[in-house]
Structures are given as structure tokens and as C-alpha cells.
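Asker: Below are the C-alpha cells for one structure; questions will follow.
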Amino acid sequence: MSADEGVYAYSAVLMGSPILLKLFDDNASLAAQVFRLIRHYENILTVNRAQSEVMAVNHAAGKEAISVSREVFELIQCAHQVSLLPESLFNFTIGPLVKRWKIGFQGNSVPPRSELEQRMTLTDPRQVELDPDRLSVFLRQPGMEIDLGAIAKGYIADRVRSFLRQQGVERALINLGGNVQTLGAPPQTRGWSVGLKTPFGNAEELTGVIEVAGKSVVTSGIYERYFERDGRCYHHILDARSGYPLDNELLSVTVISDRSLDGDIYTTLLYGLGVEKSLLALRDTPHIEAIFLTRDHEVICSSSRQFRFRLHDHRYRLVTDSTA
Ligand code: ADP
Ligand code: MG
């Protein structure tokens, strides 16, 4: 814990990520409860260990339907719906590809195409049967694996915010390794400052700062977990349609929204759409706003009703969607 101008910061390492909680009270027991809550959700949602509710479903692939808790069922149902959207990069049955590439988990070589093709046959979200009465999930093909890695942190960030609200907390920030969720704003300010890291830069280097009050800020970047091979960068957002990491003009997508779960869903969806299609799609969703960082050093904001953005790194050019 450290205190700076009335802010009390508590940290932990959970879900393989540094977790930071900021409060305006010296309340270590509240912080401990928050970390316990995160650990609880990690325990039921993880696919990086042998046992969890999601792993029970995966272990039973091709064999039987498994009943899960209502919370896990609802999150799986949400992931299922998003995976079935037309043109969706998001695919919650991507597990067999994620496990083969192992990016972020010592993976450092490109798997043979034939193996990827074989695994792609196991990533069809239509092969998942959900039964809302029994809260059960059945993966029809043996070898299929659900992976909620793209949305677990967002979901948990929202649960933490609800818990803090119930406890009467009005101002707080939780950062789950890239997923930031906020309550209110620090005293005498208009918002929390959330740094946007410079892709492939030093840990401290910021492209800019996003200011928000009571909103979520989620960034998904190709520079977080990747390896390089023969001059190419292989990162952790995979495309189940090709078997390979998605390759387009984007370095990162940041989504500002009320729910961090939406932020997590949209960072993946928009990353898959690319800048042009994303800007069009976002015109119909005023509660979801995005900041794109591109390979040719542009920072593009879809709109900015719920946040303010200050550019720090002048190697980047700030562009706002003039047609929005
Ligand atoms: P992080 O915040 O940990 O960088 P993201 O939110 O960007 O993660 O999600 C990346 C994770 O989502 C991957 O590590 C993997 O578990 C999973 N994933 C990878 N590709 C996809 C995809 N196309 N659809 C859904 N989940 C994916
Ligand atoms: Mg995500």
C-alpha cells in the first residue's frame, strides 16, 4: 500500500497480471476483500489451470453437458452471442488455437499450418449447446475448448465496481492489467488519468492520457504479448478464420464505455474490423467510444463524449473522426 495526496494504492498479482486498486480511504480490509473477489472469479473462469468451472466444460467436450454456476453460464452465453455476430473476430471457442500458439506462455515458434488447420475445425461457436434451464454447456466435438481470456478481466472489473458501490465507495479505480474500471473521480478533479502506453515503448512511455470519470477504459494491443520470428511479430489476438494472429493496420484499440465487459468485447471486435469499418459501426453505438493507434502513427478517436484525450508522444498524430 502507498499513499499519495490522499490516494491509497493497493497492489497484487492475480490472473498473471499486476492488479492495482486505488481508494481514498486507508482501508486494507476492503482491499483484501476486493482481491479475494478477483481470486474467486479467476478460480471459476480460468483456463490456465487444470480445474475451474470453464475447464470442467472443456474436459467434457464431446462427452456430456456440464452445469455451471449462473454467473459463469451468463458470461458464456454472452460470449456465445458475440461469437456468432457476422464478421466477428471474437470467438470464445478459440481455445485449441490459443493453447497451440501459447503466446504469452513461452510460445515462440510458428506451428505447422496443417496443425493449425486441424485445430481450426474445433473452433466453431455453433458447435456449443447452451441449456438455460439446466445452466449447462456442451461442446459437441472432442478437443473443443472455451477460452474467456478476452473478456474475463472486463467481467471481473465490473464485479469489483459493483462490490465497491455496495460498500458505499464513491471514488475508486481498479486496474486489472489493462482493464481499468473507475468509480467517480478523484476529489477536485474532472476525472482519473489513465495512461495509454506507447506500443513497443518503455514501460513508462505514454502516447497520451485519457481522462474519465466513472467509466471503463480497456486497451488491447498487439505489443502486450507477442514473439518475433523471421522479422514478423506474432501476438496474442488470434483469428480463428486463418489460424494465425490477426494482421492489420492496428497497434492497439482502446474502448471507453460504462461496462468493462463491453470494453473487452469491443476491443476484440473492433480490432477485427479495422479502423474504417469500426468508425462506421461505432456511429450506431454512442455509449461505446474507441481510440485506435495505427502502424503509421495515427491516433484516431471515434468520438469523445465520455473522455478527454491529451497527446503526449508527438511522433503520433491525433485525428478525430470528422464524419462522426
Ligand atoms: P489481454 O488484456 O490479456 O491482453 P485481450 O483482452 O486482448 O487480453 O484478449 C486476449 C486473449 O483472448 C488471448 O490471450 C486469448 O486467451 C483470447 N483470444 C485470443 N484471440 C481471441 C479471439 N479471436 N476471440 C476471443 N478470444 C481470443
Ligand atoms: Mg479483452
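The values are calculated or read from the model by the stated rules, or taken from the named source; none is laboratory data. Note that the structure is predicted; figures quoted are calculated from it, not measured. We place every Cβ from the backbone using ideal geometry, glycine too, and count neighbours over all the protein chains shown. For accessibility, only protein heavy atoms count, side chains too; no ligands or nucleic acids. Shrake-Rupley method; radii C 1.70, N 1.55, O 1.52, S 1.80 Å.
Asker: Go through region 270-324 and give me each residue that's in contact with a His (Cβ under 7 Å, 6 or more places away or on another chain) and aromatic (Phe, Trp, Tyr).
Answerer: If we filter region 270-324 for residues that are in contact with a His (Cβ under 7 Å, 6 or more places away or on another chain), which is where we start, we get 315-317.
Across region 270-324, the qualifying residue is only TYR316.
Asker: Which residues, counting only those in region 86-118, are open to solvent by 30 Å² or more (accessible area, probe 1.4 Å), away from ligand 1 (no atom under 13 Å from the Cβ) and of a type outside the set (A, V, I, L, M)?
Answerer: We begin by selecting, within region 86-118, every residue open to solvent by 30 Å² or more (accessible area, probe 1.4 Å); these are 86-87, 98-100, 102, 104-106, 108-110, 112-115, 117-118.
Then drop every residue that is not away from ligand 1 (no atom under 13 Å from the Cβ), which leaves 86, 106, 108-110, 112-115, 117-118.
Listed by number, the residues that qualify are PRO86, GLN106, ASN108, SER109, PRO112, ARG113, SER114, GLU115, GLU117, GLN118.
Asker: Something else now. Please enumerate the residues belonging to region 196-215 that are under 16 Å from the mean Cα position of the chain (by Cα) and within 25 Å of PRO245 (Cβ to Cβ). Step through it out loud before you land on a result.
Answerer: First, pick out the residues of region 196-215 that are under 16 Å from the mean Cα position of the chain (by Cα): 196-197, 215.
LEU196, LYS197 - these are the residues of region 196-215 that are under 16 Å from the mean Cα position of the chain (by Cα) and within 25 Å of PRO245 (Cβ to Cβ).
Asker: What's the total number of residues in region 207-251 that are more than 13 Å from ligand 2 (Cβ to nearest atom), part of a strand (DSSP E or B), open to solvent by 20 Å² or more (accessible area, probe 1.4 Å) and at pLDDT 90 or above?
Answerer: 1
Asker: Of the numbered conditions (1) more than 9 Å from ligand 1 (Cβ to nearest atom); (2) in contact with a Pro (Cβ under 7 Å, 6 or more places away or on another chain), LEU238 fails exactly one; give the number of that condition.
Answerer: (1) is the only condition that LEU238 fails.
Asker: Then there is this: Can you find even one residue in region 24-41 that is in contact (Cβ under 8 Å) with a residue 40 or more places away in the chain, among the aromatic types (Phe, Trp, Tyr) and open to solvent by 30 Å² or more (accessible area, probe 1.4 Å)?
Answerer: Yes, the conditions are met somewhere in region 24-41.
Asker: Do we find that GLY168 is away from ligand 2 (no atom under 16 Å from the Cβ) and either crowded, with 24+ Cβ neighbours inside 10 Å or over 23 Å from ARG295 (Cβ atoms) (or both) in this structure?
Answerer: Values: away from ligand 2 (no atom under 16 Å from the Cβ): yes; either crowded, with 24+ Cβ neighbours inside 10 Å or over 23 Å from ARG295 (Cβ atoms) (or both): yes.
Yes.
Asker: How many residues are in contact (Cβ under 8 Å) with a residue 24 or more places away in the chain and either touching a helix residue (DSSP H, G or I) at 6+ places or on another chain (Cβ under 6 Å) or in a loop (DSSP other than H, G, I, E, B) (or both) when one looks only at region 285-299? Give the steps one after another, and end with the answer.
Answerer: So in region 285-299, the residues in contact (Cβ under 8 Å) with a residue 24 or more places away in the chain come out as 287-296, 299.
Checking which are either touching a helix residue (DSSP H, G or I) at 6+ places or on another chain (Cβ under 6 Å) or in a loop (DSSP other than H, G, I, E, B) (or both) leaves us with 287-288, 290, 292, 295-296.
Going through region 285-299 one residue at a time, the tally reaches 6.
Asker: Something else: Which of (1) open to solvent by less than 30 Å² (accessible area, probe 1.4 Å); (2) of a type in the set (A, V, I, L, M, F, W, C); (3) more than 19 Å from LEU89 (Cα to Cα) is the odd one out, the single condition PHE200 does not satisfy?
Answerer: The failed condition is (1).
Asker: Could I ask something else about it? Which of the residues spanning region 170-229 are in contact with a helix residue (DSSP H, G or I) (Cβ under 9 Å, 6 or more places away or on another chain) and among the hydroxyl-bearing types (Ser, Thr, Tyr)?
Answerer: Listed by number, the residues that qualify are THR182, SER216, THR219, SER220.
Conditions tested, residue by residue: (1) surrounded by fewer than 22 Cβ atoms within 10 Å (Cβ to Cβ); (2) of a type in the set (A, V, I, L, M, F, W, C).
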residue: GLY274; (1), (2): yes, no
residue: LEU279; (1), (2): yes, yes
residue: THR285; (1), (2): yes, no
residue: ALA290; (1), (2): no, yes
residue: ARG305; (1), (2): yes, no
residue: VAL319; (1), (2): yes, yes
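Asker: Can you work out which of the residues in region 186-195 that are within 12 Å of ARG308 (Cβ to Cβ) and open to solvent by less than 60 Å² (accessible area, probe 1.4 Å) is nearest to the chain's Cα centre (by Cα)? Give the derivation first.
Answerer: Our first condition is that a residue be within 12 Å of ARG308 (Cβ to Cβ); within region 186-195, this holds for 189-194.
With open to solvent by less than 60 Å² (accessible area, probe 1.4 Å) added as a condition, the list becomes 191-192, 194.
Values: GLY191: 22, TRP192: 20, VAL194: 16 Å.
Filtering first and then ranking leaves VAL194.
Asker: Only one of these is within 13 Å of ARG241 (Cα to Cα) and in contact with a helix residue (DSSP H, G or I) (Cβ under 9 Å, 6 or more places away or on another chain): PRO132, PRO125. Name it.
Answerer: On the way: PRO132 fails: within 13 Å of ARG241 (Cα to Cα).
The unique qualifying residue is PRO125.
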